[in-house]
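Structure record follows, encoded as structure tokens.
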Amino acid sequence: MADLRTNIAGIESPNPFWLASAPPTNSGYQVQRAFEAGWGGAVWKTLGDPILNVSSRFAAVSFNGQKVAGFNNIELITDRPLEVNLKEIYETKKKFPNHAIIASLMVEPKQEKWHEIVKRVEEAGVDGLELNFGCPHGMAERGMGAASGQVPSLVEQQTYWVKEVAKTPVIVKLTPNITDITATAEAAVNGGADAISMINTINSLAGVDIDTWNTIPHVGGKGAHGGYCGPAVKPIALNMVGECARHSHINVPISGIGGISNWQDAVEFMLMGSTSVQVCTAAMHHGFRIVEDMIDGLSNYLDGKGIQSVTEIIGKSVPKYSDWGDLDLNYKIVARINNDVCINCNKCHIACEDTSHQCIDMYTEADGTKGLRVREEDCVGCNLCSIVCPEDGAIDMVEMTHELPPMTWNERQAALGKVACEVDIAAK
Amino acid sequence: MSEYTQYLQEKDKIDVLLNQGYSIKSITENLSGAFVEFERITGSTITSETLHILTADARKYFSVKLIHQ
């Protein structure tokens, strides 16, 4: 059986599955239940000056009957006094010494505030700290969370203040509500971060009730933007993890967060550079015991590939993630319809005809049999037909032999630059 | 005419010039596509031809030819 033990910046855990800082990690009772279920670590719900919450805090987005495609919350950080949380952290760590407990922290952007909370929290025996520079709602209106995390200089300065006194590894949790997350990731590294985690939630409004005209959720008829997470945000998170993992100046481990719902998602994040993964929405949807399937699935996957340790897959897809300008313009795939499997629903034809490149023809054989055929020479390999096809195996995307040697946009432009070349000149 | 057929026609025009000893001298790209100027030097005689390339695949094609010329 593969070794699932993980070490991120010195924080060890029996497996890479951590609960993210959120409602599931609000108390010792919950975290201990999570560890009993099998979670390798937990990032305690953010500690700071105890806040006041509102009633009606969560909302979810369904898609075609599938519940919790996305999840929105307007809950703030812990509403419990620091002493209460620290006592429970101490007790939990004592009961589960081999599991990772990381304290998420958020205070005003003042040196003395960071120094005070870091010293007090570390005394409780945490394995590491996670600085919450990501929560987009409520706390951000007070200059904390995402308001700090969107300004690279504030990220760097506050990380530096924490590192002045921290004795345990410091993870900086980044907000996705920014154009280029590598800017704040690099700032965290410059401030001395031992690791970074991403993504926190995305600014969102889950919906509007078209009968009452209230926002969803609403608090007595009034709403405010929340933070969006769950399966819908996974592609956004995965890209941000990949962008940081391949950035030459961001050379610290990454804890991946964002819509991770099963072991396959976890593997994707690890291949794209995550050393550990953090989960929230899936646990809120299905309970702590989903980690059993995650552990089994990951273990079987590694065994099936003959991989001894989960650490061997970290970052393996990063070299395959590049800039558009480095992609081969002459690589070509085309759609091929398997008429034995095709149910003749014509969705591929409609999609191609209406919204893509008009290369799927409908035909009728002499015996009246109807079918669909791709004109491969006109197919651009966009994948749309196979995406909309409801029948597995009915459409294959087939790699074609190179007619021309590989050539990237960057190579092309370099070649054009060597001859007399004009761009954006009016037509002759 | 399908875009593929149009590409083949443009590719043929490029190949004809290259086979006649022309090489790509300059390229002007703008909103109308690409204007590729070919030049052939025979002794002291310089002749040039310009192709207006419209299709994306033909723009890839002359680029490959340029890289390898």
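Values in this text are rule-based calculations from the coordinates and carry no lab data. In this text the structure is predicted, and so the values were computed from the model without any measurement. Glycine also receives a Cβ, built like all others from the backbone with ideal geometry; neighbour counts cover every protein chain displayed.
Computed extension gain for A:Arg142 through A:Asn53, at 0.36 nm per residue and net of the alpha carbon distance, reaches 30.6 nm.
Helix A:152-165 and the longest principal axis of the Cα set of chain A meet at an angle near 40°. Size of the protein assembly as shown from its Cα atoms: along the principal axes, largest to smallest, the extents are 89, 64, 55 Å. Normalised radius of gyration (Cα atoms, divided by 2.2 N^0.38 Å) for the range A:1-60: 1.37.
Taking label positions 7 Å along the Cα-Cβ direction at both A:Asp3 and A:Ile210, the computed distance is 5.7 nm, reported to one decimal. What you get for the range A:6-320, charging only the Cβ of Lys and Arg (+1) and of Asp and Glu (-1), is a dipole of about 120 debye around the Cα centre. Axis of helix A:181-191 versus longest Cα principal axis of chain A: the two differ by about 30°, to the nearest ten degrees. Between A:Lys163 and A:Glu292, the simple spin-label model (points 7 angstrom out along Cα→Cβ) gives 4.3 nm. Summarising the overall dimensions of the range A:324-399 from its C-alpha atoms, the Rg and Dmax are 13.0, 49 angstrom. Toward the positive end of the charge dipole of the protein assembly as shown, with +1 on the Cβ of Lys and Arg and -1 on the Cβ of Asp and Glu, the farthest Cα among A:Gly315, A:Thr168, A:Val334 is that of A:Thr168.
Over the range B:3-67, the reciprocal of the mean inverse Cα-Cα separation, the Kirkwood hydrodynamic radius, stands at 12.0 Å.
Here the calculated FRET efficiency for A:Ser62 and B:Leu31, from their Cβ-Cβ distance with R0 = 45 Å, stands at 0.50, rounded to the nearest 0.05. For the range A:324-399, the relative contact order comes to 44 percent (Cα pairs under 8 Å, sequence separation of at least 6).
Computed from Cα positions, the angle between helix A:409-418 and the longest principal axis of chain A comes to roughly 70 degrees. With a Förster radius of 51 Å applied to the C-beta separation of B:Asp15 and A:His285, the computed FRET efficiency comes to 0.30.
As a proxy for reagent exposure, ranking A:Thr159, A:Thr311 by other Cβ atoms within 10 Å from fewest up yields A:Thr311, A:Thr159. Within the range A:1-108, all pairs of alpha-carbon atoms sorted by distance into 5 Å bins from zero give the percentages 2, 11, 19, 19, 17, 14, 10, 5, 2, 0.
Using R0 = 56 Å, the C-beta based FRET efficiency linking A:Glu12 and A:Val419 works out to 0.45. Across chain A, Cα pairs under 8 Å and at least six residues apart give a relative contact order of 14 percent.
In plain terms, if you count all Cα to Cα distances in the range A:277-428 and split them into 5 Å steps from zero, the share in each step is 2, 7, 11, 10, 10, 11, 13, 13, 11, 7, 4, 2, 1, 0 percent.
Taking the Cα centre of the range B:1-46 as origin and assigning +1 to Lys and Arg Cβ atoms and -1 to Asp and Glu Cβ atoms, the resulting dipole is close to 160 debye.
Report the Stokes-Einstein translational diffusion coefficient (µm² s⁻¹, integer) for the range A:123-201, Rh taken as the Kirkwood radius over Cα pairs, at 25 °C with viscosity 0.890 mPa s.
Values: Rh = 12.2 Å.
So the translational diffusion coefficient is about 202 µm²/s.
Proximity of backbone amide H atoms, modeled 1.01 Å from N, is registered between A:Trp44 and A:Ile102, A:Ala103, A:Ser104 at under 5 Å, excluding neighbours fewer than 5 places apart on the same chain. Under a crude label model (7 Å from the Cα following the beta-carbon direction), how far is B:Gln69 from A:Ala37 in nanometres? Label-label distance for B:Gln69 and A:Ala37, simple model: 6.5 nm.
Kirkwood radius, the range A:267-345, all distinct C-alpha pairs, inverse of mean reciprocal distance: 16.4 Å. Taking the alpha carbon gyration tensor of the range A:83-229, multiplying each eigenvalue by 5 and rooting it gives semi-axes of 30, 20, 13 Å, largest first.
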